[in-house]
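J.: After the structure tokens below, expect a handful of questions from me.
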Amino acid sequence: MDDDTPTSDRDEESRPPEDSATDSPQSTEASRETDRPETDTADASDSSDPSSSSDTSDASDASDASDASERAESGEAVTAEDIDIRESIGPSDAEDGGVEDDASTDVSLDEVVLEDDDGDSRGLFDDLLSGEPIFENKEVLRPSYTPHELPHRTEQINQMATILVSALRGETPSNILIYGKTGTGKTASAKFVSQELESTSQKYDVPCEVEYINCEVTDTQYRVLAQLANKFIEKNFDIIENRLDRLEDLRTRVGESPAPLEDTSFDSVEAVEERIEQLETDREEMETVPMTGWPTDRVYSTFFDAVDYNERVVVIMLDEIDKLVEKSGDDTLYNLSRMNSELSNSRISIMGISNDLKFTDFLDPRVKSSLGEEEIVFPPYDANQLRDILQHRADVAFKGGALTDDVIPLCAAFAAQEHGDARRALDLLRTAGELAERGQADTVEEAHVRQAQDKIELDRVVEVVRTLPTQSKIVLFAIILLEKNGVRNINTGEVFNIYKRLCEEIDADILTQRRVTDLISELDMLGIVNAVVVSKGRYGRTKEISLSVPIDETEAVLLSDSRLGDIENAQPFVQARFDN
């Protein structure tokens, strides 16, 4: 703003408000009448005028800014108090146009930052959403998705269907064991057949149900039986509610006329009321099983009563069944496979899915004979089959023309190198699409696939390293320090020496050298290091160790641990040791 006020008048403006507050309205009016040129000055000194503080601050700011610039030119230090925030944001409209407008300068910082050229508010995700999406339905590429068609698994699907079709006739199907490596379509095929089985049973009004349990999560006999019991108890509640609704409606109609009883099994209203009372008692007696706290025999009894409450054929699908046997033995399978001899209303069939072809070797012979009545093996996919699977999913997952011609063959080739894992191929294709979308590219190209391959490998390493115990992390960090200092063919003794120094740095317990050797073997088993036992002749044998993962990324993950965060201080000691 223009500042033509004399120096004496500016001093007058800067007086405390009490001076101006003592002036009477009459004196102020008289001043306006007698001295019109000084009207602005008098108004500024009037405490009742809200613009006075604004004019005063503008004048003060101009003076402060002038003093700050003079100090900067003379080489003196400029403090934070010398910086004008409004000047640092930018000139006001009044300064640009020569017109004073207090409202124009009253702009919040949020409005300055978040408004674009058009004046529209811009959020954090607006720029990300401005690009055209590549995906049409990304969920199609996830392992949890069950497609309507499974290429190159028709033979195995038909084999499962011919075994389970007896359930639709009210008979007990044979137990099935499904084998195959990871990503060969076992679970997807089994879920596809199960969905078809349940939909067909509803079509023909046959009571047939399929219950899926992932034994990698539900890995004890108690949890398996409790989860099954609660599922059937919930279904029994629904059955009781439906029956009660029908019987209460029947009782209402019978009260008007006994004719409705002719088409039922009841001969009187009392029989209907007795049945209603029995159903209500059953509902009250049903108790869900807690996930802990009950004896196992009580859980089994509750599951038995729940599954046998109504007539039905049940197929229990146990995915990763080898994990259940490994964790809690074969008691669960023994109990489930022997239930049919005691059930009166229901029939149970078991469908087990496993990656381990030899897990039945650890089963009781009686369980093995009853469980493995039918066996189906899923062979790995080859590159051409993986290409067909990816093309089938990509047609649904991506928009038209979003993939270049070399994307799907490259994804199939990468996955075929790792025992034909379709799950890996789908993850690779999905990650490549996500990388392209983040880069706001119009199409997914070969470079995105190669980036996705590196990202998936790195993510796997990061997750494994991040979840290591602290002692294993210290051993791994010792190996990293040795490699970073140019040591090759690292032996166990060298690792142990650095390991001790690192433990002292972070005040951790020092394990014995034999235990450190065991930790190195565990890292070797996880694929983080490569440890080979070599003979040194009369000096004995030792392990020569080298890293199998990217050194910089692995070190960053280790240093992200709160306890190992200051461990970098030990690196100069390691360097000095090798210099000597």
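The values are calculated or read from the model by the stated rules, or taken from the named source; none is laboratory data. All values reported here derive from a predicted model rather than from experimental measurement. Every residue, glycine as well, gets a Cβ built from its backbone with ideal geometry; the counts of neighbours run over all protein chains shown. SASA here: full protein model, heavy atoms, side chains in, ligands and nucleic acids out. Shrake-Rupley method; radii C 1.70, N 1.55, O 1.52, S 1.80 Å.
J.: In the stretch 462-508, which residues are among the charged types (D, E, K, R) and touching a residue at least 12 places away in the same chain (Cβ under 8 Å)?
T.: Passing the criteria: Arg466, Lys473, Glu483, Lys484, Arg488, Glu494, Arg501, Glu505.
J.: Among the numbered criteria (1) in a helix (DSSP H, G or I); (2) over 17 Å from Glu241 (Cα atoms); (3) open to solvent by less than 20 Å² (accessible area, probe 1.4 Å); (4) β-branched (Val, Ile, Thr), which single criterion is violated by Val272?
T.: Of the numbered conditions (1) in a helix (DSSP H, G or I); (2) over 17 Å from Glu241 (Cα atoms); (3) open to solvent by less than 20 Å² (accessible area, probe 1.4 Å); (4) β-branched (Val, Ile, Thr), the odd one out for Val272 is (2).
J.: Next question. Say we look at the stretch 307-334 and pick out the residues that are part of a helix (DSSP H, G or I) and hydroxyl-bearing (Ser, Thr, Tyr); which of these is most open to solvent (accessible area, probe 1.4 Å)?
T.: Looking at residues that are part of a helix (DSSP H, G or I) and hydroxyl-bearing (Ser, Thr, Tyr), I get Tyr334.
J.: For the stretch 335-347, how many residues are of a type in the set (A, V, I, L, M, F, W, C) and outside any helix (DSSP H, G or I)?
T.: Total meeting the criteria: 1.
J.: What number of residues within the stretch 297-306 are open to solvent by 60 Å² or more (accessible area, probe 1.4 Å) and not basic (Lys, Arg)?
T.: 2
J.: Among (1) in contact with a Pro (Cβ under 7 Å, 6 or more places away or on another chain); (2) open to solvent by less than 70 Å² (accessible area, probe 1.4 Å); (3) not acidic (Asp, Glu), there is one condition Leu168 misses while meeting the rest; what is its number?
T.: (1)
J.: Only one residue in Asp219, Asp249 is surrounded by 14 or more Cβ atoms within 10 Å (Cβ to Cβ) and assigned by TED's automatic domain parsing to the domain that holds Thr187, so which one is that?
T.: Selected residue: Asp219, the only one of Asp219, Asp249 that is surrounded by 14 or more Cβ atoms within 10 Å (Cβ to Cβ) and assigned by TED's automatic domain parsing to the domain that holds Thr187.
J.: Given the structure, is Ser189 within 30 Å of Leu333 (Cα to Cα) and either in a helix (DSSP H, G or I) or in contact (Cβ under 8 Å) with a residue 12 or more places away in the chain (or both)?
T.: Considered against the rule, which asks whether it is within 30 Å of Leu333 (Cα to Cα) and either in a helix (DSSP H, G or I) or in contact (Cβ under 8 Å) with a residue 12 or more places away in the chain (or both), Ser189 comes out as yes.
J.: Consider Ser349 carefully, then state whether it is in the same structural domain as Arg253 (by TED's automatic domain parsing) and touching an Asp or Glu at 6+ places or on another chain (Cβ under 7 Å).
T.: So Ser349 fails the test.
J.: Separate question: Are there any pairs, at least 6 apart or on different chains, whose C-beta atoms fall under 7 Å, with the first in the stretch 300-324 and over 22 Å from Leu168 (Cα atoms) and the second part of a helix (DSSP H, G or I) and of a type in the set (Val, Ile, Thr), and if so, which?
T.: Short answer, once both residue conditions are applied: Asp319/Thr187; Leu324/Val224; Leu324/Thr332.
J.: Could you list, in sequence order, the residues of the stretch 477-491 that are of a type in the set (Val, Ile, Thr), under 24 Å from Tyr539 (Cα atoms) and open to solvent by less than 10 Å² (accessible area, probe 1.4 Å)?
T.: Ile479, Ile490
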